[in-house]
1. For the chain, what relative contact order do you get, as a whole percent, if you take Cα pairs closer than 8 Å and at least 6 residues apart?
2. Given the chain, what count of lysine pairs have C-alpha atoms under 19 Å apart, with each pair 8 or more places apart or on different chains?
3. In debye to the nearest 20, how big a dipole does segment 16-185 give about its Cα centre with +1 on each Lys and Arg Cβ and -1 on each Asp and Glu Cβ?
4. What is the gain in length, in nm to one decimal, between residue 38 and residue 66 on full extension, counting 0.36 nm per residue of separation less the C-alpha to C-alpha distance?
5. Springs between alpha-carbon atoms under 10 Å, Gaussian network over the chain: tell me which of 65, 46, 123 tops the mean-square fluctuations.
6. When the helices in the chain are scored as -39500 (n - 2.57) per DSSP H run of 4 or longer and the sum is shared across all residues, what 222 nm value do you end up with, to the nearest 500 deg cm²/dmol?
7. Show the residues, 5+ positions off or on another chain, whose built amide H is closer than 5 Å to the amide H of residue 144.
8. Let me know the shape class of segment 16-185, please: from the alpha-carbon gyration tensor, a ≥ b ≥ c as square roots of the eigenvalues, rounded when a/c is under 1.5, otherwise prolate if a/b is greater than b/c, or oblate.
Amino acid sequence: MHHTPLATNRQRGLSLLEITIALSIMAIVVGAAAPSFQRMLARRVVEGRATELIGDLALARAEAVSRNTTVRVSFIKSSDAAACYVLHTGKTEDCSCLTAAPAVCIHGAQEIKTIVIPANDAVQMQWGLSHKSSYLAFEPTRGTASSYGSITLSSAQSAAIKLVVNSMGRVRACAPAAAWSGYKSC
């Protein structure tokens, strides 16, 4: 008698149970990685704002020397926690940036650049400047600063960078809390 081999029933694809297990494992891995991803993203946003502000402070210093006049960086905060800063010539109170961008300047003051940070922005800005002022002033002679201090940029996820402006007009960045890759601790 001759026997024919039984046809083997080969399974193709994955069963519902295997797919469910794989999806469960992926959900656990993604759930564990999400908080660290949010912290990393918050840090990058703060770093971006800090880099922009460092560039703007360097611009103000260079403009003071090239225009041969004092250039101010005025920091303004509204009652609803929105903030802005404007690079300008003239007196501190000659330019305002909360109502509109570009800034509104009077008495012959000239706006150079305006940055508005909405109240609901991911990055908040606080400043502690010399003489309890709300501006930095760069002098035309060698770009020195007649006012100095620090500006802290922070996020809700505890990421923060502090920019310190010294009397020579130089800016350095540091991390006020724990060590942050690329930044010394303040």
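Readers should treat all values here as calculations from the given coordinates under stated rules, not as data from a laboratory. In this text, all values refer to a predicted model and were calculated from it rather than measured experimentally. Virtual Cβ from ideal backbone geometry, glycine too; neighbours counted across all protein chains shown.
1. Reported as a whole number, the value is 17 percent.
2. Count of close lysine pairs: 8.
3. Details: 16 positive and 11 negative charges, 118 e Å.
Here segment 16-185 has a charge dipole of around 560 debye.
4. The span from residue 38 to residue 66 would gain 5.9 nm if fully extended.
5. Between 65, 46, 123, it is 65 that shows the largest mean-square fluctuation.
6. Helix-only estimate at 222 nm: -10500 deg cm²/dmol.
7. Amide H neighbours of residue 144: 139.
8. prolate
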